[in-house]
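Scroll down for the structure; my scribbles are underneath it.
The values are calculated or read from the model by the stated rules, or taken from the named source; none is laboratory data. It should be emphasised that the depicted structure is a prediction, and the values quoted were computed from it without experimental measurement. Please note: Cβ atoms are built from the backbone with ideal geometry, for glycine as well, and neighbour counts cover all protein chains shown.
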Amino acid sequence: MKFDKSNQLLPRFQALIPGAGHTYAKGEDQYPAGMAPFIVRGQGSRVFDVDGNQFIEYGSGLRSVTLGHAYAPVVAAARAQLELGVNFIRPATIELEAAELFREMVPSAEMVKFSKDGSDATSGALKLARAHTGRDLVAICANHPFFSVDDWFIGASGMPGGIPQVVRDLTVKFIYNDLASLEAVFAQHPGQIAAVVLEAEKETPPAPGFFDGIRAICDRHGAVFILDEMITGFRWHNGGAQARYGIRPDLSTFGKALGNGFSVSALAGKREIMKLGGSDHDRERVFLMSTTHGAETHGLAAAIATMNVYRKEPVIETLWKRGERLATGLKKAAAAAGVVGAVPILGPPCCLVFGSRDAAGEPSQPFRTLLMQEIIKRGILATSLVVNYSHSEADIDATIEAFAESFVIYRRALDEGIEKYLTGRPVKPAIRKFA
Ligand SMILES: Cc1ncc(COP(=O)(O)O)c(C=O)c1O
């Protein structure tokens with residue numbers, strides 16, 4: 001496998017685009033040196049790069065492509081809408097059609113507003129919460145890696161450059177599955193916390209009573225409960241993780257899977273709070289997610305087509321089934337190679353990730369890089385193991401085989417030293433303070 005053309009393109013990307021691409025999580029620094037392919041097209045579970053390589057890909061579109069690349073019914077719906085125009089001086093009827101279908105999928109959506117990026121939706125939710133409560137602080141879950149590109153979140157991340165300290169100080173943190181830690185932040189900042197923001201689940205499932213506990217704490221302190229369903233929405237369940245686990249948020253935010261990779265996101269929830277973004281009330285109005293491209297019609301057409309596939313076909317069931325097959329096969333292969341502890345396969349089957357530990361059992365970026373180096377060579381492009389509906393059983397089995405061979409090399413590197421096997425610099429976390 002050659003990467004000559006990708007490697008020639010890299011300096012041109014670096015010279016013109018800060019970060020050498022438009023999303024840090026797709027960055028060259030997330031891949032082994034000299035093995036960061038630039039993509040020319042995708043089809044189903046596969047992507048094709050500029051050098052003519054073909055990969056089985058995981059985590060497509062940063063988990064947004066749930067059905068598969070260029071999924072025919074979604075493309076057809078978007079194409080048909082393109083012919084009718086994409087943006088007008090008045091709302092298009094498709095905005096109501098998409099909203100009504102979304103409400104059928106997500107029953108907590110008493111009202112819904114669409115936008116383009118997930119960040120618009122989570123930041124919109126926080127703005128509503130602040131207006132509703134008259135408070136400034138937000139309590140976010142410290143174990144969850146991303147909620148928004150906006151200052152309220154990035155200011156509290158490992159890369160807060162350019163964000164004033166006064167803004168950074170408005171975000172406080174609590175621990176997942178630890179209600180006492182949430183109680184503690186409310187106790188430290190009495191009457192100041194507008195909202196609690198978290199995802200439903202990452203690698204660890206919610207402890208019994210955790211979400212009911214959050215509901216009760218928010219009610220007791222008059223704070224708004226915001227559930228970020230950007231990843232869990234239409235992957236855990238057609239109604240989101242809230243439907244799977246019976247979670248009762250005030251507001252919830254969706255994106256990613258909503259449009260199978262098209263740019264469309266949604267903020268949904270209680271009428272009493274959502275309506276502050278409208279004009280049928282006497283309170284101060286909230287400027288809620290009003291952008292030029294917010295209701296671009298082909299994105300909404302894609303969302304409608306995508307939601308209809310979710311409704312009519314066993315998408316969720318298939319994602320979980322494929323993930324189970326993948327996890328089972330990988331765990332077996334890891335056991336055979338003697339790397340079970342070193343490469344843990346984590347998360348629910350619909351959203352798996354792999355860990356990478358060194359000989360001392362510590363999380364290791366060099367070992368992550370080595371594993372990626374070996375799987376990429378074998379035609380697997382994966383920073384996670386997040387499946388989509390187009391991954392066939394044969395794709396899963398080919399992936400297990402590629403990992404099984406790579407695990408053998410991982411084991412040797414654990415025993416003999418990684419320097420002997422890793423050919424370039426290690427990868428780095430996407431969100432970090434310095435280069
Ligand atoms: C859980 C979660 N929330 C919010 C976002 C922000 O969404 P977007 O990148 O579409 O703005 C992301 C993006 O990765 C996410 O993973």
Inside the range 316-351, can you point out the residues that are in contact with a strand residue (DSSP E or B) (Cβ under 7 Å, 6 or more places away or on another chain), surrounded by 19 or more Cβ atoms within 10 Å (Cβ to Cβ) and of a type outside the set (A, V, I, L, M, F, W, C)?
Gly323, Gly347
Pairs, please: C-beta under 8 Å, at least 6 apart or cross-chain, first residue over 16 Å from Lys377 (Cβ atoms) and away from the ligand (no atom under 15 Å from the Cβ) and in the range 42-63, second assigned to a loop (DSSP other than H, G, I, E, B) and among the β-branched types (Val, Ile, Thr)?
Gly42/Val65
Name the residue that is surrounded by the most Cβ atoms within 10 Å (Cβ to Cβ), counting only residues in the range 118-127 that are of a type in the set (A, V, I, L, M) and more than 9 Å from the ligand (Cβ to nearest atom).
Ala125
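With the requirement that a residue be under 30 Å from Lys428 (Cβ atoms) and more than 25 Å from the chain's Cα centre (by Cα), what does the range 159-180 give you?
Pro164, Gln165, Val166, Asp169
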When the residues of the range 96-117 are narrowed to those that are of a type in the set (Lys, Arg) and within 21 Å of the chain's Cα centre (by Cα), which ends up farthest from the ligand (Cβ to nearest atom)?
Lys113
Please specify each residue of the range 291-315 satisfying the condition of being of a type in the set (Lys, Arg) and in contact with a strand residue (DSSP E or B) (Cβ under 9 Å, 6 or more places away or on another chain).
none
Residues that are in contact (Cβ under 8 Å) with a residue 40 or more places away in the chain, touching a helix residue (DSSP H, G or I) at 6+ places or on another chain (Cβ under 8 Å) and not in a helix (DSSP H, G or I), drawn from the range 301-347
Gly338, Val339, Ala342, Val343, Ile345
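Find the residue count for the range 128-147, including only residues that are buried (at least 21 other Cβ atoms within 10 Å of the Cβ) and either of a type in the set (A, V, I, L, M) or within 16 Å of the ligand (Cβ to nearest atom) (or both). Please lay out each step first, then the result.
If we filter the range 128-147 for residues that are buried (at least 21 other Cβ atoms within 10 Å of the Cβ), which is where we start, we get 128-129, 132, 137-141, 147.
Retained after the next criterion (residues that are either of a type in the set (A, V, I, L, M) or within 16 Å of the ligand (Cβ to nearest atom) (or both)): 128-129, 137-141, 147.
Residues that pass the stated criteria total 8.
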Select from the range 252-279 the residues that are within 16 Å of the ligand (Cβ to nearest atom) and hydroxyl-bearing (Ser, Thr, Tyr) and write down the one among them that is nearest to Ala216 (Cα to Cα).
Ser252
For the range 169-258, give me every one of the strands (runs of 3 or more DSSP E) that falls completely inside it and has 1 or more residues that are of a type in the set (Ser, Thr, Tyr).
171-174, 251-254
Pair list, Cβ < 9 Å and 6+ apart or interchain, from the range 223-251 residues that are more than 13 Å from the ligand (Cβ to nearest atom) to residues that are at pLDDT below 95
Gly239/Pro107; Gln242/Pro107; Ala243/Pro107
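Can you pull out the residues in the range 218-261 that are touching a His at 6+ places or on another chain (Cβ under 7 Å) and either of a type in the set (Gly, Ala, Ser) or surrounded by fewer than 24 Cβ atoms within 10 Å (Cβ to Cβ) (or both)?
Narrowing the range 218-261 to residues touching a His at 6+ places or on another chain (Cβ under 7 Å): 224, 243-244.
Across the range 218-261, the qualifying residues are Ala243, Arg244.
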Could you tell me which residue of the range 15-41 is nearest to the ligand (Cβ to nearest atom), considering only residues that are in a loop (DSSP other than H, G, I, E, B) and over 21 Å from Arg378 (Cα atoms)?
Thr23
Give me the pairs, please: first residue somewhere in the range 76-103 and exposed (fewer than 15 other Cβ atoms within 10 Å of the Cβ), second residue anywhere and part of a helix (DSSP H, G or I), beta-carbon distance under 6 Å, and either six or more positions apart or on two chains.
Leu82/His298
Quick check on my filter: what residues within the range 195-217 are crowded, with 24+ Cβ neighbours inside 10 Å and either touching a residue at least 60 places away in the same chain (Cβ under 8 Å) or among the basic types (Lys, Arg) (or both)?
Ala195, Val197
Given the conditions (1) free of Cβ contacts under 8 Å to residues at least 40 places away in the same chain; (2) surrounded by fewer than 18 Cβ atoms within 10 Å (Cβ to Cβ); (3) out of contact with any helix residue (DSSP H, G or I) (no Cβ under 6 Å at 6 or more places or on another chain); (4) not charged (D, E, K, R), report the number of the one that Phe354 does not fulfil.
(2)
Answer yes if at least one residue in the range 48-62 is more than 25 Å from Lys433 (Cβ to Cβ), of a type in the set (A, V, I, L, M) and not in a helix (DSSP H, G or I), and no otherwise.
yes
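Of the residues Val387, Val353, Val427, Val408, which is within 17 Å of Lys331 (Cα to Cα) and assigned to a loop (DSSP other than H, G, I, E, B)?
Just a single option satisfies the conditions, and that option is Val387.
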